[in-house]
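Have a look at the structure below before the remarks.
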Amino acid sequence: MSKRTFLIVGAAVLLFFVGAGCWNRVEIEDKAIVAGVGIDSDKENKELVKLTVQIVNPAALKASAAEGGKEGGGKEAVWLVTAAGSCVFDAVRNFTFQSPRKLFWAHSKVIVIGEEVAKKGVEKIIDFFMRDHEPYFRTWVLVARGKASEIMEAKIGLEKIPAYGISDLVSVTTATSQATAVNLKEFTGMILSKTTSPFTTGIEVFEKEGEKRLRLTDTAVFKNFRLKGWLNKEETRGLLWILGKVKSGIIDLKWSAKDGKHVSIEIIRASSRVTPEIKDGDITITVDISEEGNIGEDEMLFADFITPAGIKSLEKKKTEVIKREIKAAIKKAQEFNTDIFGFGEAVYRKFPMEWKKIEEEWEKIFPTLKVTIKVTAKIRRTGLISEPIKPE
Amino acid sequence: MLRRLLRKIKFFMQRNFENNKPLSSNQLKTSLSKKLNTNLENIKNILNHSSDVAIRLFDIGSDNKSRAAIAFIDGLVDKSTINEYIMKSLMLDSRTALPTPLTGKKDMLGIIKKNILTAAELREVKTFEELIYGMLSGEVVLIVDGYDTAFIIGAKGWESRGVQEPNTETVVRGPREGFTENLRTNTAMLRRRLKSPNLVFEHLKIGRVTNTDVCIVYIRGITNIKIVQELRRRLNRIDIDGILESGYIEQLIEDAPFSIFPTIGNTERPDKVAAKLLEGRVAVLTDGSPMALTLPYLFMEGIQSSEDYYSRTWFSTIVRWIRIAALIITILLPPLYIAGQSYHQEMIPTVLLLTMAAAKEGIPFPVFIETLLMGISFEMLKEAGVRMPRPIGHAISIVGALVLGEAAVNAGVVSAPAVIVTAITGIAGFIIPTHNDSFPILRLVFAILAAIAGLFGLLLGIVFLLIHLVSLRSFGIPYLSPIAPGIIQDLKDTAIRAPLWAMYKRPRAINRKNPVRLGADEPSQPPEDKEKDG
């Protein structure tokens, strides 16, 4: 190594040490890991934003791990802190008055928006979470029925950290497909579209055995940043059918109204296709749903189903149920005048030239939009046994 | 008082210097005289009357009128050979030997050489230089009165370690033989594996005082002769008083003495050397050391083991992957841990982060200091384990494991993940023994970089490391070949170990001439089923 290169390398290394410094080194023990956040408006001053955060308390996790929950039971796994501010960012910084460690948002998994705030509009809230580098786009967005702070205070069995429990609740909605799972990125994506209305899951607190518990509930529908109304379970699945987001779930066919016996079909796979058409200036939308399922439960004590004709009758019944769900969803959406299905986008993609004329009038077109529903439902397998269990 | 002491010390110093002049070369260059006594005196003087010089005078011939003497260094010769094939022949058989019994002074030397001495190795010398070096190498000198020519008779035989299984490179499948400290034994072990006239042992003497025998080994026709020439040039350039181990030679001839990576390989296994010779490499054997040097040495050889070729392809390939994973883990795990904990908490999966945070709660040190502490303790433990006598070694490992593992965590001095990281790192480091001495250095440097600038610093360090690695060469061969420069054909023996039948050419990086080592490029198959046609 010549003297020159030695000097250059030496200078570079020195610069590296001095220049980089320790500018954002914050050790893990100096960070307050936020698990989830609830957003309300302040009680006294309605203009203020009030945040309720769940901060993970690692010491509690440690004690419970080491001593079999002996000491850990005494300590709460999460620390609830609230702070108010003129905007979200202000409130976030105001936490430093209370928290000895700086809030760390990268592992925050849920944003729960209070009903009141949602009705007032979410535009102020979303900006911070999209703009700041710490929160993840994959954070679930939920709307509380009631106050978000109550959601943050409630507990979930099995999960030490309730916010992570909520996150898990949202991820398993595919089991029923009767609640939606919308993360920050998807939510923002829907806001960005001029005609599509955003929707997301609702969550509510209920009391059981003197304990406040949480459950997912109807789907919140927004219009122009504001909460417009709620879709119930059936309507929610109708929405998911159209969006092609039904992954699994149970279709309950009430076979005979008299004795209330059921045949349940498990959805194996489903897909949808939305095709808009313009005829003489009239727009019609065709929704094609194809679904496949297995027989999951059969309470009927006769073996008629396990014949081609029986399967056919089941398929027919199932088609009706699916159609009913979709119709319910469309009806509710048209009532709200919220295009949660993205029909406007579909028209735009297929007829970009015509869309320019329609776009401004979409508000008027959508409530009376004609939607044709075509459902192809199939039954593929009957489970491990073919005939119902009964004495021969 | 002090002055008196100083004077005394001076006096002793002067006395010590009295007889401390080295032998002048003139003294050695002189020829033998015809008088036996003069010659023997000379030998004694040159060897400084050392106590291990043995001289035996005796009479030969039927008339007992000729005097002769043998001289040798006690301990370097095989006494039974001397008794049986030298002394007995000269003193008894010479009287009756046919066709010409040894009588009078009629060309006695010729008769001794042709008729009497039954030793296999024999040569004539005329100067003291050859005579003395012969003796020092363990040969026996025979001088007959009246002749200025001496016989050097080969009767080497000294105490040495037998052929044992090498401790450093044990295998499950494969030969158990390892090199010994004896050069001849080692060359014999190679010759036994490569029975070819093309196997060349080139002899050199290096070391002004030690006169160590060094052997260049290569296979004519397979080796790139330029590498041999370069090696010869570098070896001849060495001017040192002593070579005590092949490591001396390695350090004196290597390409990049400042690099932390070795550019010359070493091994204790003759089968490994034979395999490397067959690939076209050159080996250097050093007397007094069981470690053979092989060159050129490439980075990839670190993850190759002789057993890879003895086991079947699939297993060998998996083992290669494990070694590569270990290589990455042992260098990068501690820095990644530091970077993740100090800078990039968002990149750690949530549950893992919570576990880490829980473990870190109440630990007094930042993660870098913590990891450094554990790393240094581990290196100390390793060093202590090597240097300590074997029985104490166990005690150390128990204390080390208890203190490092249990107590430190329980006392809350270090966190459990740091102990796990250090343990995995240490174990992974042992998987690739050839590079193991460069790992702790890399680990330390990367850990510092990660502590200063997170993943950014770590990445910068890796880039510098790669720049350094690609700039290295071993005897003209790029160190990272066959990866950089890419030689597609040679990749068959890197991350995968292709089936032997598919490796029908020698590595192109080393050897471009005479590349074919295998006849057919296809696996063995059962013969075609004849009945199917008929």
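With protein chains left intact and a 1.4 Å probe, residues in region B:230-336 average 38 Å² of accessible area per residue. Proximity of backbone amide H atoms, modeled 1.01 Å from N, is registered between residue A:339 and A:197 at under 5 Å, excluding neighbours fewer than 5 places apart on the same chain.
Charge tally for residue B:319 (other residues, Cβ to Cβ under 14 Å; Lys, Arg +1; Asp, Glu -1): +2.
Accessible surface of residue B:317, taken over heavy atoms with a 1.4 Å probe and every protein chain present, rounds to 10 Å². Compared with the alpha-carbon gap, the fully stretched path from residue B:10 to residue B:118 is longer by 33.3 nm at 0.36 nm per residue. The alpha-carbon of residue B:360 sits under 20 angstrom from the alpha-carbons of these aspartates and glutamates, leaving out residues fewer than 8 places away in its chain: A:27, A:29, A:30, A:67, A:71, A:76, B:346, B:370, B:406.
Solvent-accessible area of chain B (1.4 angstrom probe, protein heavy atoms only): carbon and sulfur portion equals 61 percent. Using a 1.4 angstrom probe on protein heavy atoms only, the contact between A and B buries about 2300 square angstrom of accessible area, both sides summed. Coupling constants for region A:278-283 follow from the phi torsions by the Karplus curve (6.51 cos²θ - 1.76 cosθ + 1.60, θ = phi - 60°), and in residue order they are 10, 10, 6, x, 8, 9 Hz; glycine and proline get x. With a Förster radius of 60 Å applied to the beta-carbon distance between residue A:370 and residue B:245, the computed FRET efficiency rounds to 0.05. Model label points for residue B:49 and residue A:138, set 7 angstrom from Cα along the Cα-to-Cβ axis, are 8.9 nm apart.
Counting only protein chain heavy atoms and rolling a 1.4 Å probe, the accessible areas of A:87, B:215 rank, largest first, as A:87, B:215. Ordered from highest to lowest accessible area with the whole protein assembly present and a 1.4 Å probe, A:305, B:464 read as B:464, A:305. Taken about its Cα centre, region B:27-153 carries a charge dipole of about 420 debye when Lys and Arg each add +1 at the Cβ and Asp and Glu each add -1 at the Cβ. Between the amide H of residue B:297 and those of B:265, distances stay under 5 Å, these residues lying 5 or more places away or on another chain, with hydrogens modeled in the peptide plane.
Region A:323-339 and region B:271-320 have their alpha-carbon centroids 74 Å apart. FRET efficiency for the residue B:500 to residue B:236 pair, using the beta carbon distance and R₀ = 45 Å, is estimated at 0.75. Computed on protein heavy atoms with a 1.4 Å probe, the accessible areas place B:88, A:50, A:261 in the order B:88, A:261, A:50, largest first. When the Cα positions of B:175, B:37, B:416 are compared along the charge dipole of the protein assembly as shown, B:37 comes out farthest toward the positive end, with charges on each C-beta of Lys, Arg, Asp and Glu. Taking 24 Å as the limit for the C-alpha separation, the pairs A:233/A:254; A:261/A:390; A:233/A:318; A:50/A:208; A:223/A:356; A:247/A:378 exceed it in the case of A:50/A:208.
For region B:267-279, putting each phi into the Karplus relation 6.51 cos²θ - 1.76 cosθ + 1.60 with θ = phi - 60° gives couplings of 8, 9, 9, x, 5, 5, 4, 4, 5, 5, 4, 5, 7 Hz, in residue order, rounded to whole numbers and with x for Gly and Pro.
Considering only B:118, B:146, B:77, the residue lying farthest towards the positive end of the dipole of region B:27-153 is B:146, judged by Cα position with unit charges set on Cβ. Listed by chain and number, the lysines placed with their C-alpha closer than 19 angstrom to that of residue B:21 are B:10, B:29, B:44; residues fewer than eight positions away on the same chain are left out.
Extension gain for residue B:194-residue B:318 works out to 41.6 nm (0.36 nm per residue, less the C-alpha to C-alpha distance). Over chain A, accessible surface divided per residue gives 52 Å², non-protein components excluded, 1.4 Å probe. From the alpha carbon centroid of region A:229-308 to that of region B:142-191 is 87 Å.
First compute the accessible area of region A:68-199 with a 1.4 Å probe, then give the percent of it belonging to carbon and sulfur atoms.
56
The local environment of residue A:145, defined by Cβ-Cβ distances under 12 Å, has a net charge of -2 under the rule Lys, Arg +1 and Asp, Glu -1.
Under 5 Å between amide hydrogens, built in the peptide plane, is the criterion, and for residue B:514 it picks out nothing among residues at least 5 positions away or on other chains. Report D for the protein assembly as shown in µm² per second (integer): Stokes-Einstein, Kirkwood Rh on Cα pairs, 25 °C, 0.890 mPa s. So the translational diffusion coefficient is about 66 µm²/s. The label point for residue A:209 and the one for residue A:273, both projected 7 Å from the Cα toward the Cβ, are 5.1 nm apart. Since only A:353, A:244, A:164 are under comparison, the one whose Cα sits farthest along the positive direction of the charge dipole of chain A, derived from C-beta charges on Lys, Arg, Asp and Glu, is A:353.
If only the Cβ of Lys and Arg carry +1 and only the Cβ of Asp and Glu carry -1, the dipole of region A:258-342 around its Cα centre is close to 160 debye.
Determine the dipole magnitude for region B:310-478: charges of +1 sit on the beta-carbon of Lys and Arg, -1 on that of Asp and Glu, nothing else is charged, the reference point is the Cα centre, and the result goes in debye to the nearest 20. Walk me through the numbers on the way to the answer.
Details: 9 positive and 7 negative charges, 130 e Å.
Its charge dipole is roughly 620 debye.
Just add up the charged neighbours of residue A:349: K/R +1, D/E -1, any other residue whose Cβ is under 15 Å from the Cβ of residue A:349. Residues near residue A:349 contribute -1 overall.
Expressed as a whole percent, how much of the Cα-Cα distance distribution for region A:295-342 exceeds 12 Å?
Roughly 71 percent, rounded to a whole number.
Using every pair of distinct Cα positions in region B:27-153, the Kirkwood expression returns a hydrodynamic radius of 14.5 angstrom.
The values are calculated or read from the model by the stated rules, or taken from the named source; none is laboratory data. None of the values given here were measured: they were computed from a predicted structure. No Cβ is skipped: glycine too gets one built from the backbone with ideal geometry, and neighbour counts run over all protein chains shown. Heavy atoms of the whole protein, side chains included, go into the accessibility calculation; ligands, DNA and RNA do not. Shrake-Rupley method; radii C 1.70, N 1.55, O 1.52, S 1.80 Å.
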